[in-house]
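These notes are about the structure you will find just below.
The values are calculated or read from the model by the stated rules, or taken from the named source; none is laboratory data. Keep in mind that what you see is a predicted model, and the values were worked out from it rather than measured. Note that each Cβ is placed from the backbone with ideal geometry, even for glycine, and that neighbours are counted across all protein chains shown.
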Amino acid sequence: MVKLSKEQIILLHSMAINKTGGLDGIRDEGLLESAINSPFQSFGGVELFPQIESKAAHLAFNIIDKEDYLLAMERSPIKDIEIKYLLKFALTDEINSRDVYMKGIDHSYYYEGYTTYKIEELWKQ
């Protein structure tokens, strides 16, 4: 599996910004590195996201900026193209995946400002 480097991702980001518009640059390189490595996490030697599709779904959930998403949702009744653009890369066909479902719940609470617990922690109790 090919894993893009931070430099390659920054270059792709700049190319996309040049083509579509927007602000170029990286706000937090630590968050970028975390996002890059996040799909390759493992526990006890077992990958948490073994298939490329699950890696992509996990990465997409981490790409969309919380504030951008909420602002787009506020404007969506007037300008829905913005929310469609933000969600385009986060869509998945893994509708029966427990991991995707649980991550969706976590992110739903995250967008509402609730970050004390993760659904996986509560599920195990």
* Which condition does L71 not pass, out of (1) at pLDDT 75 or above; (2) more than 14 Å from the chain's Cα centre (by Cα); (3) assigned to a loop (DSSP other than H, G, I, E, B), if it passes all the others? -> (3)
* Condition check for K3: assigned by TED's automatic domain parsing to the domain that holds D68, in contact with a helix residue (DSSP H, G or I) (Cβ under 8 Å, 6 or more places away or on another chain) and closer than 29 Å to S97 by Cα -> no
